[in-house]
Amino acid sequence: MSKRKLGLFKKAYDLSVMCDCQVGIVVRTGKGKWYEYATSDLDELLLRFTQEYTDCQKGKVAPDMTSISDAAAVAEEICEEATKNQH
């Protein structure tokens with residue numbers, strides 16, 4: 001596994017500890033190889049996300065989900081910041 005993927009998984013672990021949250025990452029390389037990391041059962045985490053996302057899209061926001069669009073905006077900001085730091 002590459003140093004960058006290991007770094008990504010370590011950051012995910014750190015985030016889960018600092019924020020007391022569940023984190024799951026799925027990575028597919030350009031050659032089609034899959035890697036995954038999760039702080040709990042990834043299948044359960046993905047099923048829960050899918051259900052809550054569906055509920056949110058139907059206007060039935062789950063009590064513990066503030067906004068998927070807010071989460072997407074934060075993720076986009078993090079990616080942009082990471083890209084700036086690489087250059």
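Is it fair to say A62 is at pLDDT 90 or above and aliphatic (A, V, I, L, M)?
Numbers: at pLDDT 90 or above: no; aliphatic (A, V, I, L, M): yes.
Here the answer is no, as A62 does not meet what is asked.
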field: Residue list for segment 22-57, filter: farther than 26 Å from R4 by Cα and hydrophobic (A, V, I, L, M, F, W, C)
entry: L47, C56
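Restricting the search to segment 14-50, which residues are assigned to a helix (DSSP H, G or I) and either surrounded by 12 or more Cβ atoms within 10 Å (Cβ to Cβ) or among the charged types (D, E, K, R) (or both)? Let's see the steps before the verdict.
Going residue by residue through segment 14-50, those that are assigned to a helix (DSSP H, G or I) are 14-19, 42-50.
Within segment 14-50, D14, L15, S16, L42, D43, E44, L45, L46, R48, F49 meet the criteria.
The values are calculated or read from the model by the stated rules, or taken from the named source; none is laboratory data. As the structure is a computational prediction, the values presented were derived from the model and not from experiment. Cβ: placed from backbone, ideal geometry, glycine included. Neighbour counts: every protein chain shown.
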